[in-house]
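Reading through the structure tokens given below for one structure.
The values are calculated or read from the model by the stated rules, or taken from the named source; none is laboratory data. These figures come from a predicted structure and were not determined experimentally. Positions of Cβ are generated from backbone atoms using ideal geometry, with glycine treated the same way; all protein chains shown enter the neighbour counts. Protein only, heavy atoms only, side chains kept; ligands, DNA and RNA dropped before computing areas. Shrake-Rupley method; radii C 1.70, N 1.55, O 1.52, S 1.80 Å.
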Amino acid sequence: AGLSAKDRAVLAELGLSRSFDFRGVDERAMAAYDLPGVVQHSLSIEPTVVQSLRALMDSGGRLSEHDAVTLMQQTYRAFVHDNSSRFGELFSHLLESDAPLVFHCTAGKDRTGFAAAMILLALGVPRPVVMDDFLLTNSLYRRAGPRVQTDVPIEVMEVIWKVRGEFLDAALQVVDADYGGVDNYLARIGIGESQRRRLIELYLQA
């Protein structure tokens, strides 16, 4: 939503034609965008981190780093428990063609990070490599996130606006425990063997 004219020109040169937006309804309304030639698809996953932070603070006591880590792990588990259909929708679109696309949320690290991890796993990328890719957020993400409220401890914000291996691990542990592994989870959301072969055909180079 905050792209400059130069930014838009870069995207046009890349041939961007599709965007997949994981933001919730209010997030989209607050920062809407319209890019010429780009079809937008809403795959809405309502944010929960801010609301959970507020609830914890309202309950009294000082939030700790441990509280923040626990909250983020719960958020990632919910991607599997509550939002699998949205990620399945993304895969359905990916299977239609390999036309240039972007998928995003607000910060581009949690909802987006889990989606990216599942795509890489579906393409056969080993888990350690997927984790390394996930953790690149911490070295490449430059914009500081907005303060949730002024009295949130800095150590809590440091957790919320970065990623940790424990976050993605929390989601993958649910995948393993509840579905028997990534292969079964992907099959449950509509990505079986034939679909994975199609993804490989579209998105990997020999």
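If you go through region 98-141, how many residues are touching a strand residue (DSSP E or B) at 6+ places or on another chain (Cβ under 7 Å) and under 22 Å from ILE45 (Cβ atoms)?
At the first step, the residues of region 98-141 found to be touching a strand residue (DSSP E or B) at 6+ places or on another chain (Cβ under 7 Å) are 99, 101-104, 112, 115.
Those left that are additionally under 22 Å from ILE45 (Cβ atoms): 101-104, 112, 115.
Final tally of qualifying residues: 6.
For region 12-56, how many residues are within 25 Å of SER84 (Cα to Cα) and acidic (Asp, Glu)?
Residues meeting the conditions: 4.
Are any residues in region 114-129 of a type outside the set (Lys, Arg) and either in contact with a His (Cβ under 9 Å, 6 or more places away or on another chain) or over 19 Å from PHE20 (Cβ atoms) (or both), and if so, which ones? If you could, list the steps in order and put the result at the bottom.
Let us first name the residues in region 114-129 that are of a type outside the set (Lys, Arg), namely 114-126, 128-129.
Within region 114-129, GLY124, VAL125, PRO126, PRO128, VAL129 qualify.
Taking THR106 as meeting all but one of (1) polar (S, T, N, Q); (2) surrounded by 15 or more Cβ atoms within 10 Å (Cβ to Cβ); (3) at pLDDT 95 or above, write down the number of the exception.
That leaves (3) as the condition not met.
For the structure I just gave you, tell me whether VAL163 is within 17 Å of the chain's Cα centre (by Cα) and not in a helix (DSSP H, G or I).
yes
Restricted to region 140-155, and to residues that are at pLDDT 55 or above and charged (D, E, K, R), which residue is most open to solvent (accessible area, probe 1.4 Å)? Steps first, answer last, please.
Of the residues in region 140-155, the ones at pLDDT 55 or above are 140-143, 150-155.
Filter again for charged (D, E, K, R), leaving 142-143, 151, 155.
Working: ARG142: 183, ARG143: 143, ASP151: 91, GLU155: 63 Å².
Once the filter is applied, the top-ranked residue is ARG142.
Report the residue count in region 191-205 for those that are open to solvent by 40 Å² or more (accessible area, probe 1.4 Å) and in contact (Cβ under 8 Å) with a residue 12 or more places away in the chain.
6
Of a type in the set (Val, Ile, Thr), open to solvent by less than 30 Å² (accessible area, probe 1.4 Å) and touching a Ser or Thr at 6+ places or on another chain (Cβ under 8 Å): does that describe VAL130?
On the way: of a type in the set (Val, Ile, Thr): yes; open to solvent by less than 30 Å² (accessible area, probe 1.4 Å): yes; touching a Ser or Thr at 6+ places or on another chain (Cβ under 8 Å): no.
The answer is no for VAL130.
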